[in-house]
Amino acid sequence: MLTIPERLARELPLKLQYVQNALALRAEGATVPFIARYRKERIGSMDEAKLRKLFDRYTALTELEQRKAAILKTIEAQGKLTEALRATIEATHDKRALEDLFLPFKPKKQTQATAARERGLEPLAEFIKALNVEASPEASLEEEAAKYVSPEKGIATTADALAGAAEILAEEIAEKASLRGFLRNYLLHEGFFVSKIKGDLPPGSTKFEMYRDYKVKVKDVQAHNVLAMLRGEHEGVLSVSLQFDEGKVQQYLAQQEIRTKHPPTFAFYQDVLSKAFEQLMRPSLEHDVREEKKEFADRESIKTFEANLRELLLSSPAGMKPTLGIDPGFRSGCKVAVVNEKGKFLHHATLHPFQSDAQRLHAGQLLLTLIKEYNIELIAIGNGNLGRETDQFVGEVIKDLEKPPVKVLVNEAGASVYAASRTAIEEFPKLDIAVRGAISIARRLQDPLAELVKIDPKSIGVGQYQHDVDQKLLKRKLDETVESCVNAVGVDLNLASVDLLKYVSGLDKATAHNIVTYRDEHGLFRNRQELMNVPQFRPKTFEQAAGFLRIRDGENPLDNTAVHPESYPIAERILHDLGVTIDKLPEVADKLNALDIKQYVTATAGEPTIRDIITELLHPGHDPRGAFVLPKFNEGIKDISDLQPGMELEGIVTNVANFGAFVDIGIHQDGLVHVSQLADKFVADPKKVVKVGQIVKVRVLEVNPALKRISLTMKSPNAPPPRLKQKPPQRKPVPKNVEKKKTEQPKQAPAPQREESERHFTLEDLKAKFNAR
């Protein structure tokens with residue numbers, strides 16, 4: 001039998017040595033970013049995605065083995081564990097198949113079958129089972145059942161005895177792993193999800209309208225459809241059922257379980273099979289199908305959320321420049337906050353540009369005063385309510401300045417959550433919540449990653465059905481995404497907040513807090529080694545974290561690179577051989593690229609590590625995030641009423657779902673580009689075409705002001721319509737009273753076989769597939 005590492009190496013596939021090394025590093029406490037970046041030689045240069053997949057699968061297989069051990073122990077304690085059963089359990093790699101095998105031995109509450117056994121009806125059930133194998137014509141179920149009539153045991157008639165025996169046989173059949181596995185597979189392949197709206201809700205009165213009379217094959221259902229139906233069911237609007245050919249199910253059970261030709265026994269077994277399926281198997285199998293599709297939907301939804309969050313976190317920063325943040329408001333005014341080039345809060349004020357001309361004039365004068373006094377280079381405006389109007393007001397105020405600040409509408413999703421959080425209150429205990437929101441908006445423009453890590457990812461607004469999916473899995477995956485992004489960019493040790501530092505490889509919130517406290521007490525860090533002076537900062541912590549922490553203008557230029565301190569001797573040797581300092585290295589880039597890297601390979605640093613060092617030496621302090629680019633919104637479009645079909649606009653993608661992408665076109669409502677409108681060709685996965693933060697050109701297809709819906713397209717205006725699949729010509733039926741001509745017909749080429757996923761599975765097809773497994 002394969003060990004878990006051997007199984008992982010075969011499944012993924014990977015070299016066993018790399019799997020073992022990765023698992024060993026993980027057991028030592030190494031993080032995924034550290035392993036992927038600084039231990040490439042030991043793991044065959046696996047990236048973070050592959051490592052996380054490896055570790056997730058390792059956890060799943062380990063939990064499966066633990067479950068097997070518990071099941072074997074339970075069955076052995078009952079004295080029912082045979083070597084054949086042990087071998088079957090140990091060879092099982094599917095959790096549901098494993099539970100099917102355990103079902104007959106699983107401790108149960110009182111059932112009708114156990115009650116029948118307690119009344120002494122098991123021998124009658126065994127007699128009937130024997131008749132199913134071989135029955136004499138004169139055998140009588142009633143005569144045998146009469147022997148078990150016992151009023152004191154609650155068996156008043158032969159019908160009572162036969163009913164009890166039927167319960168025992170039905171439970172035995174319902175607990176057969178082979179039957180359960182096949183039927184579950186059948187429901188997954190040939191079943192249909194059907195939803196209907198409950199009650200008398202009129203058309204158009206609910207957000208679940210498309211599920212009013214909805215039917216989709218289980219194997220074809222999309223993740224967002226599953227989550228929408230389940231949400232509608234949870235809210236009491238929809239009824240969701242699983243439909244399938246029940247006749248085929250009964251036919252299959254009869255083929256597998258009925259052997260006799262004895263009419264009474266045959267009829268008895270048909271009733272038993274009906275009871276076994278309808279009362280015992282169907283509820284649990286339908287639950288399994290729903291659970292499996294829910295797990296699928298959770299994984300897909302979380303995967304989309306991860307991708308969107310990654311793109312948002314890695315949005316290009318506008319830069320650490322003096323910035324003015326504005327949180328738009330009407331009655332209470334627009335809250336304005338000024339932060340300097342280090343993100344430090346300096347001043348706040350309130351503007352009232354929307355209530356009267358006099359107040360608008362005063363607001364403009366105050367805004368100009370702030371811009372000049374603090375040398376403002378960036379103005380970040382929250383894109384929520386009144387965001388577009390505030391943007392227009394600011395544009396009017398700064399248009400005549402010799403060097404006007406760059407104004408940007410910033411996605412403020414989650415800013416209010418941060419403003420009300422304990423983190424914000426601790427940092428700014430005396431400030432109004434709206435002012436804290438304005439500070440967050442300003443900092444979000446300067447460096448999106450540094451600010452967004454302070455907010456629960458679920459509040460950022462780039463997911464779909466995030467409250468409906470597995471919350472434990474969602475949190476783990478989103479935390480992994482944040483960790484990956486933070487370490488991919490690197491963190492300025494002298495500027496980073498506790499909330500940012502805690503995501504650095506090897507650090508936690510307590511260590512991050514110690515770093516900030518030490519920095520406040522002793523001043524800026526001058527080199528990475530100084531980290532060892534931080535309380536509770538151990539050598540292992542330094543190993544995991546140092547390469548991801550940057551020190552600008554420090555004592556050692558290498559401290560502003562991703563070169564790990566353990567590799568400094570190699571980097572310094574390269575610089576020595578070239579006869580230059582790191583700041584002069586770009587001047588001899590051709591010589592650097594021509595170096596024979598093999599001469600620098602050591603026992604711990606192979607060629608991949610040397611290449612990484614050279615890349616860092618060429619681009620010290622490089623930010624992997626792209627250059628900051630502003631979308632050019634159409635100045636004449638301020639409201640949904642200004643839109644007309646056919647208009648061409650520029651916008652920015654704010655969210656990507658399985659069914660399409662939402663695009664901000666500069667008004668209050670985002671437009672939707674349906675997946676069918678993303679490109680001139682078929683698109684299976686929107687994430688492969690667009691990403692959050694991407695600037696796109698769109699064309700208005702349809703506008704519904706009443707429902708505030710905007711349909712957009714990214715297709716070219718002259719794109720041909722999608723080709724429809726042609727139905728094969730139908731053959732005319734030959735009348736029964738007309739003899740077929742016996743003339744020889746020319747042989748036709750065989751019809752091409754459809755892919756297995758496109759075929760309509762028959763019961764026999766599925767049976768063959770299941771048995772082959």
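The values are calculated or read from the model by the stated rules, or taken from the named source; none is laboratory data. If you're wondering where the values come from, they're calculated on a predicted model, not measured in any experiment. FYI the Cβ positions are ideal-geometry reconstructions off the backbone, even for glycines, and counts take in every protein chain you see. Surface areas here come from the heavy atoms of the whole protein model, side chains and all, with no ligands, DNA or RNA. Shrake-Rupley method; radii C 1.70, N 1.55, O 1.52, S 1.80 Å.
Sort out which residues of the stretch 682-696 are at negative phi and either assigned to a loop (DSSP other than H, G, I, E, B) or in contact with an Asp or Glu (Cβ under 6 Å, 6 or more places away or on another chain) (or both), and write them in order of number. Full working, then the answer.
Just the residues of the stretch 682-696 that are at negative phi, to begin with: 682-692, 694-696.
Within the stretch 682-696, Phe682, Val683, Ala684, Asp685, Val689, Val690, Lys691, Val692, Gln694 meet the criteria.
Does any residue of the stretch 581-588 turn out to be of a type in the set (Lys, Arg) and modelled with pLDDT under 90?
Yes; the residues of the stretch 581-588 include at least one that is of a type in the set (Lys, Arg) and modelled with pLDDT under 90.
Conditions (1) farther than 26 Å from Glu90 by Cα; (2) open to solvent by 60 Å² or more (accessible area, probe 1.4 Å); (3) charged (D, E, K, R), marked per residue:
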residue: Gln17; (1), (2), (3): no, yes, no
residue: Leu25; (1), (2), (3): yes, no, no
residue: Ile43; (1), (2), (3): yes, no, no
residue: Met46; (1), (2), (3): yes, no, no
residue: Leu54; (1), (2), (3): no, no, no
residue: Thr62; (1), (2), (3): no, no, no
residue: Ala70; (1), (2), (3): no, no, no
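Looking at the stretch 12-33, can you tell me whether even one residue there is β-branched (Val, Ile, Thr) and closer than 30 Å to Thr561 by Cβ? I'd like the intermediate steps shown before the answer.
Just the residues of the stretch 12-33 that are β-branched (Val, Ile, Thr), to begin with: 19, 31-32.
This time we only want the ones that are closer than 30 Å to Thr561 by Cβ, so: 31-32.
Yes: the stretch 12-33 contains one or more residues that are β-branched (Val, Ile, Thr) and closer than 30 Å to Thr561 by Cβ.
Looking at the stretch 77-117, which of the residues that are hydroxyl-bearing (Ser, Thr, Tyr) and either surrounded by 13 or more Cβ atoms within 10 Å (Cβ to Cβ) or at pLDDT below 95 (or both) is farthest from Gly154 (Cα to Cα)? Full working, then the answer.
Here is the first cut: in the stretch 77-117, the residues hydroxyl-bearing (Ser, Thr, Tyr) are 82, 88, 92, 111, 114.
Then keep just the ones that are either surrounded by 13 or more Cβ atoms within 10 Å (Cβ to Cβ) or at pLDDT below 95 (or both); that gives 88, 92, 111, 114.
Values: Thr88: 40, Thr92: 42, Thr111: 16, Thr114: 14 Å.
Per the criteria, the residue is Thr92.
From (1) over 35 Å from the mean Cα position of the chain (by Cα); (2) modelled with pLDDT under 95; (3) surrounded by 15 or more Cβ atoms within 10 Å (Cβ to Cβ), pick out the condition that doesn't hold for Thr206.
All conditions are met except number (1).
Considering only residues that are open to solvent by 40 Å² or more (accessible area, probe 1.4 Å) and touching a residue at least 60 places away in the same chain (Cβ under 8 Å), which ones fall in the stretch 695-721?
In the first step, residues of the stretch 695-721 are kept if they are open to solvent by 40 Å² or more (accessible area, probe 1.4 Å); the result is 695, 697, 699, 701-702, 704-709, 711, 714-718, 720-721.
Once the filter is applied, which keeps residues that are open to solvent by 40 Å² or more (accessible area, probe 1.4 Å) and touching a residue at least 60 places away in the same chain (Cβ under 8 Å), the stretch 695-721 yields Ile695, Pro705, Lys708.
Is there any pair linking a residue in the stretch 232-258 that is polar (S, T, N, Q) to one that is part of a loop (DSSP other than H, G, I, E, B), with Cβ under 8 Å and at least six apart or on different chains, and which?
Ser239/Lys198; Gln243/Gly191
Against the condition within 25 Å of the chain's Cα centre (by Cα), surrounded by fewer than 19 Cβ atoms within 10 Å (Cβ to Cβ) and under 19 Å from Leu707 (Cβ atoms), how does His668 come out, does it pass?
Working: within 25 Å of the chain's Cα centre (by Cα): no; surrounded by fewer than 19 Cβ atoms within 10 Å (Cβ to Cβ): yes; under 19 Å from Leu707 (Cβ atoms): yes.
No, not satisfied.
Considering each of Ile455, Ile439, Ile515 in turn, give the residue that is in a helix (DSSP H, G or I), within 30 Å of Ile379 (Cβ to Cβ) and of a type in the set (Val, Ile, Thr). Steps first, answer last, please.
Numbers: Ile455 fails: in a helix (DSSP H, G or I); Ile515 fails: within 30 Å of Ile379 (Cβ to Cβ).
Just one listed residue meets the conditions, Ile439.
On the basis of being small (Gly, Ala, Ser), modelled with pLDDT of 95 or more and open to solvent by 20 Å² or more (accessible area, probe 1.4 Å), does Gly506 make the cut?
Considered against the rule, which asks whether it is small (Gly, Ala, Ser), modelled with pLDDT of 95 or more and open to solvent by 20 Å² or more (accessible area, probe 1.4 Å), Gly506 comes out as yes.
Name the one entry in Leu179, Leu183 that is closer than 16 Å to Glu291 by Cβ and in a helix (DSSP H, G or I). Steps first, please.
Details: Leu179 fails: closer than 16 Å to Glu291 by Cβ.
Leu183 is the lone residue from the list that is closer than 16 Å to Glu291 by Cβ and in a helix (DSSP H, G or I).
Conditions tested, residue by residue: (1) surrounded by 12 or more Cβ atoms within 10 Å (Cβ to Cβ); (2) of a type outside the set (Phe, Trp, Tyr); (3) in contact (Cβ under 8 Å) with a residue 24 or more places away in the chain; (4) under 19 Å from Gly621 (Cβ atoms).
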site	(1), (2), (3), (4)
Thr511	yes, yes, yes, no
Thr517	yes, yes, no, no
Leu524	yes, yes, yes, yes
Val534	yes, yes, no, no
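Of everything in the stretch 391-413, what is crowded, with 16+ Cβ neighbours inside 10 Å and either charged (D, E, K, R) or farther than 14 Å from Glu635 by Cα (or both)? Give them in sequence order.
Asp391, Val397, Ile398, Pro404, Pro405, Val406, Lys407, Val410, Asn411, Glu412, Ala413
Output the number of residues of the stretch 180-199 satisfying the condition of being over 28 Å from the mean Cα position of the chain (by Cα), surrounded by fewer than 21 Cβ atoms within 10 Å (Cβ to Cβ) and farther than 21 Å from Leu230 by Cβ.
0
Residue pairs, Cβ under 9 Å, 6 or more apart or interchain, first in the stretch 334-349 and acidic (Asp, Glu), second not in a strand (DSSP E or B). List them.
Glu341/Gly319; Glu341/Met320; Glu341/Lys321; Glu341/Pro322; Glu341/Glu377; Glu341/Gln446
Output the residues belonging to the stretch 341-390 that are open to solvent by 70 Å² or more (accessible area, probe 1.4 Å) and either of a type in the set (Asp, Glu) or in a strand (DSSP E or B) (or both).
Glu341, Leu346, His348, Asp357, Glu373, Glu377
Which is more than 18 Å from Lys219 (Cβ to Cβ) and either among the hydroxyl-bearing types (Ser, Thr, Tyr) or at pLDDT 95 or above (or both), of Phe277, Phe305?
Numbers: Phe305 fails: either among the hydroxyl-bearing types (Ser, Thr, Tyr) or at pLDDT 95 or above (or both).
Phe277 is the lone residue from the list that is more than 18 Å from Lys219 (Cβ to Cβ) and either among the hydroxyl-bearing types (Ser, Thr, Tyr) or at pLDDT 95 or above (or both).
Only one of these is more than 35 Å from the chain's Cα centre (by Cα), loosely packed, with under 15 Cβ neighbours inside 10 Å and of a type in the set (Lys, Arg): Lys261, Lys275. Name it. Working first, answer last.
Working: Lys275 fails: loosely packed, with under 15 Cβ neighbours inside 10 Å.
One residue alone meets the criteria, Lys261.
Here are some conditions: (1) in contact (Cβ under 8 Å) with a residue 12 or more places away in the chain; (2) under 27 Å from the mean Cα position of the chain (by Cα). Gln471 meets all but one. Which one does it not meet?
(1)
Looking only at the stretch 590-613, filter to residues that are of a type in the set (A, V, I, L, M) and exposed (fewer than 13 other Cβ atoms within 10 Å of the Cβ); which one of those is modelled with the highest pLDDT? Please lay out each step first, then the result.
Kept after step one, since they are of a type in the set (A, V, I, L, M), are these residues of the stretch 590-613: 592, 594-595, 597, 601, 603, 605, 610, 613.
Now restrict to residues that are exposed (fewer than 13 other Cβ atoms within 10 Å of the Cβ): 594, 603.
Details: Ala594: 85, Ala603: 88.
Within the stretch 590-613, the match that is modelled with the highest pLDDT is Ala603.
Looking at the stretch 212-224, can you tell me whether even one residue there is crowded, with 18+ Cβ neighbours inside 10 Å and without any contact (Cβ under 8 Å) to a residue 60 or more places away in the chain?
Within the stretch 212-224 (the criterion being crowded, with 18+ Cβ neighbours inside 10 Å and without any contact (Cβ under 8 Å) to a residue 60 or more places away in the chain), the answer is yes, since at least one residue qualifies.
Which residue, of Ala177, Ala165, Ala170, is open to solvent by 10 Å² or more (accessible area, probe 1.4 Å) and closer than 20 Å to Leu253 by Cα?
Details: Ala165 fails: open to solvent by 10 Å² or more (accessible area, probe 1.4 Å); Ala170 fails: open to solvent by 10 Å² or more (accessible area, probe 1.4 Å).
Exactly one residue qualifies, and that residue is Ala177.
What tally of residues in the stretch 430-454 results from selecting those that are without any contact (Cβ under 8 Å) to a residue 60 or more places away in the chain and surrounded by fewer than 24 Cβ atoms within 10 Å (Cβ to Cβ)?
Looking only at that region, the number is 3.
Between Ile640, Ile652, which is touching a residue at least 40 places away in the same chain (Cβ under 8 Å), surrounded by fewer than 19 Cβ atoms within 10 Å (Cβ to Cβ), in contact with a Pro (Cβ under 9 Å, 6 or more places away or on another chain) and not charged (D, E, K, R)? Give the steps one after another, and end with the answer.
Values: Ile652 fails: surrounded by fewer than 19 Cβ atoms within 10 Å (Cβ to Cβ).
Going through Ile640, Ile652 in turn, just one is touching a residue at least 40 places away in the same chain (Cβ under 8 Å), surrounded by fewer than 19 Cβ atoms within 10 Å (Cβ to Cβ), in contact with a Pro (Cβ under 9 Å, 6 or more places away or on another chain) and not charged (D, E, K, R): Ile640.
Of the residues Val482, Val491, which is in contact (Cβ under 8 Å) with a residue 12 or more places away in the chain, of a type in the set (A, V, I, L, M) and within 26 Å of Pro322 (Cβ to Cβ)? Before the answer, list the steps.
Numbers: Val482 fails: within 26 Å of Pro322 (Cβ to Cβ).
Sole residue among the options that is in contact (Cβ under 8 Å) with a residue 12 or more places away in the chain, of a type in the set (A, V, I, L, M) and within 26 Å of Pro322 (Cβ to Cβ): Val491.
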